[in-house]
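One structure below.
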Amino acid sequence: MYFCIVINIITFLVFGYDKRQAKNNKRRISEFHLLLLTAIGGILSMYLFKHKTNKFSFILSFYAIVILQIVLLYFGIQTFKS
């Protein structure tokens, strides 16, 4: 329980800091690190609370979505690099 509170507070503060940096035209936090922080909170919370960890169909769907998002993120980054 405390982990979820802490990770959400940290994520909230980091997103707020990044927004402030953007408004002041200063160096920002990479999208990769913002997404990583968000993913860590979700994945670790699932296993910390052992929520849906024994339901195979949920785990399969969860990781299929994670893989799909990684693939889409990769192609999105490649598109903007060009």
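The values are calculated or read from the model by the stated rules, or taken from the named source; none is laboratory data. Keep in mind that this is a model prediction, so the values were computed, not measured. Glycine gets a Cβ as well: all are built from the backbone with ideal geometry, and neighbour counts include every protein chain shown. Remember, those area values only see protein heavy atoms, side chains included, never the ligands or the DNA or RNA. Shrake-Rupley method; radii C 1.70, N 1.55, O 1.52, S 1.80 Å.
Numbers at a glance
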quantity	calculated
Tally, over segment 1-28, of residues that are assigned to a helix (DSSP H, G or I), among the polar types (S, T, N, Q) and open to solvent by 40 Å² or more (accessible area, probe 1.4 Å)	1
Pair list, Cβ under 6 Å, 6 or more apart: segment 63-81 residue within 14 Å of Leu36 (Cβ to Cβ) and polar (S, T, N, Q), other residue open to solvent by less than 100 Å² (accessible area, probe 1.4 Å) and not in a helix (DSSP H, G or I)	none
Where a residue in segment 15-35 is closer than 21 Å to Leu73 by Cα and its partner, wherever it lies, is in a helix (DSSP H, G or I) and of a type in the set (Ser, Thr, Tyr), with Cβ under 8 Å and at least six apart	Ile29/Tyr17
Hits in segment 44-64 (condition: under 25 Å from Val6 (Cα atoms), out of contact with any Phe, Trp or Tyr (no Cβ under 7 Å at 6 or more places or on another chain), at pLDDT 75 or above and not aromatic (Phe, Trp, Tyr))	Lys50, Ile59
Flag for Thr53 being assigned to a loop (DSSP other than H, G, I, E, B), among the hydroxyl-bearing types (Ser, Thr, Tyr), free of Cβ contacts under 8 Å to residues at least 24 places away in the same chain and out of contact with any Pro (no Cβ under 7 Å at 6 or more places or on another chain)	yes
Residue that is nearest to Gln69 (Cα to Cα), among those in segment 29-53 that are charged (D, E, K, R) and open to solvent by 90 Å² or more (accessible area, probe 1.4 Å)	Glu31
